[in-house]
Amino acid sequence: MQGAEIMHASPAQEQQPAFTELSEVASIGSNGSILFATDDWFAPAEWMLKDSEPVFRPDEYTPFGKWMDGWETRRKRIPGHDWCVVELGAPTQIVGFMIDTAFFTGNYVPRVSIQGGTLDETIKCMLQTSIPRQVECNGDANIGTGRTMEELGMVELIGTDHWDVLLPRTELKPGYEQTRRQYFLVPKGKQSLVVNHLRVNMFPDGGIARLRVFGTVRLNLSDSMSARKPIDMIAMLNGGRCIGFSNAHYGHPRNLIKPSTGINMGDGWETARRLDRPPVLQIDDTGILQVPGSEWATFQLGASDGCWIERVCIDTKHFKGNFPDNVMVEYASKDKPDLWMMLMERKKLGPNRMHEFVAADLLPQEKAASFVRITIAPDGGLSRVRIFGTITRD
């Protein structure tokens, strides 16, 4: 086992590797998906990409065996080993992995490796047409299935076994609370590779509860630049990422830039209630609460050289009794990332709805924006933020 730096941590431990603050690109909420799996007998590979935490249902069984919340293959009785192909949400330079074996105690996979590469659209479409998979991650459509020798032979011709090794063959630990979460750093020499797909190898079979893949999205925005069409510059799949925040007591601000619509309050950014709230609240003439404090989150935009922002969308979906009173947006340029300039002055927010602020609501930009800071007052939760702009030609 050479080239893999391994870290073990339980969910109770607060400190996680620094790479977990990067974009996570394999989960269902990040548009990750399974293109192929050798075996889905006890639990389909899609469940390994669920956004939710793994759960255990002690008395639940399916017609194929014990219900498990993850990907679990049969006990192999033929030559070879199990593996699957994961399509990432966007092209990514991968820095690290988290593999969770939660509740797989006597049936966890003993060894894994991960390879990275890219399938062109022709091969991808051929694979999806020849061996289609159901896309419902919480359903059981793929459960109890396995590939035939003919199907395996066809997929082997694609050559995924020759992809770059991002995680050499490595031993895993069982899914007890103290050992379930296992972190792996990609070797330095492989962190510069940009990959769209992963091959996750089980040696030889078993179960994985969750797979998380962290890195920096590297999307080619040249087409958008030439067309001069506004795109969501803060979106994770367009290269945006959270780089700082004041408080994330109930939900992390990186949820704000996910591609999907928020599924509940836990799938957004929610802060604790500020303790400096006045005993009796007052408002000004515009209806804005007069409070001394606020919370903030900063983001690096996907356009590294900057963009011109035309529209800001703030979604408070699901936040009905805990939405912020107001929001403010500032920006900074590539050459002066610590000099914040006003883009949108404080605007009143309401519960459980999308707020759209167009050019008339924004102040003129002095420079192209490479960073934004979202400030809410006094506290509360947001579901999603979208910032549409065009890439600078400078």
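Quick notes on this structure:
- Cα long-axis angle, helix 121-130 against the chain (0 to 90 degrees, to the nearest 10): 50 degrees
- Look at the Cα gyration tensor of the range 320-394: its axes a ≥ b ≥ c give a/c of at least 1.5 with a/b over b/c, and that counts as prolate.
- Gyration tensor verdict on the range 196-296 (Cα atoms; rounded if a/c is under 1.5, prolate if a/b is larger than b/c, oblate otherwise): oblate
- Residues 52, 294, ordered by accessible area of protein heavy atoms at a 1.4 angstrom probe radius and largest first, appear as 52, 294.
- Counting only protein heavy atoms and a 1.4 Å probe, the range 63-119 has 34 square angstrom of accessible area per residue.
- Stretch gain in nm, segment residue 111-residue 366, where the contour uses 0.36 nm per residue and the Cα spacing is subtracted: 86.4 nm
- Residue 164 accessible area, assembled protein chains, probe 1.4 Å, Å²: 70 Å²
- Global size of the chain: 22.7, 75 Å for Rg and Dmax (C-alpha atoms, Rg to one decimal, Dmax whole).
- Other residues lying with their Cβ under 13 Å from the Cβ of residue 36 contribute a combined charge of -4, Lys and Arg counting +1, Asp and Glu -1.
- Taking 20 Å as the straight-line reach from the Cα of residue 334, the aspartates and glutamates in range (excluding those fewer than 8 positions away in the same chain) are 232, 305, 310, 366, 394.
- Over the residues of the chain, the helix contribution to mean residue ellipticity at 222 nm works out to -1500 deg cm²/dmol, using -39500 (n - 2.57) for each DSSP H run of at least 4.
- Spatially, the range 76-92 and the range 244-286 are offset by 38 Å when compared through their Cα centroids.
- Within-15-Å neighbourhood charge of residue 63 [Cβ basis; K, R +1; D, E -1]: -2
- Cβ-Cβ FRET estimate between residue 150 and residue 345, R0 fixed at 51 Å, reported to 0.05: 0.20
- Relative contact order computed over the range 17-162 (Cα-Cα under 8 Å; 6+ residues apart), in percent: 34 percent
- Placing a pseudo-label 7 Å from each Cα along the Cα-to-Cβ vector at residue 354 and residue 129 gives an inter-label distance of 3.4 nm.
- Sites residue 176 and residue 60 - FRET efficiency at Förster radius 25 Å, r taken between beta-carbons, to 0.05: 0.80
- Gyration tensor verdict on the range 104-172 (Cα atoms; rounded if a/c is under 1.5, prolate if a/b is larger than b/c, oblate otherwise): oblate
- The length gained on full extension between residue 118 and residue 286, counted as 0.36 nm times the residue separation minus their Cα-Cα distance, comes to 55.2 nm.
- Lysines with Cα under 25 Å of residue 66, excluding same-chain neighbours fewer than 8 positions away: 50, 76, 173
- The phi-based Karplus calculation (6.51 cos²θ - 1.76 cosθ + 1.60; θ = phi - 60°) puts the 3J(HN,Hα) values of the range 17-33 at x, 4, 5, 6, 7, 7, 5, 9, 10, 10, 5, 4, x, 9, 6, x, 7 Hz, whole numbers, x for Gly and Pro.
- Solvent-accessible area, 1.4 Å probe, carbon plus sulfur percent, for the range 208-343: 50 percent
The values are calculated or read from the model by the stated rules, or taken from the named source; none is laboratory data. Bear in mind the structure is a predicted one, so any value in this text is a computation, not a measurement. Glycine also receives a Cβ, built like all others from the backbone with ideal geometry; neighbour counts cover every protein chain displayed. Surface accessibility is based on the protein's heavy atoms, side chains included, excluding ligands, DNA and RNA. Shrake-Rupley method; radii C 1.70, N 1.55, O 1.52, S 1.80 Å.
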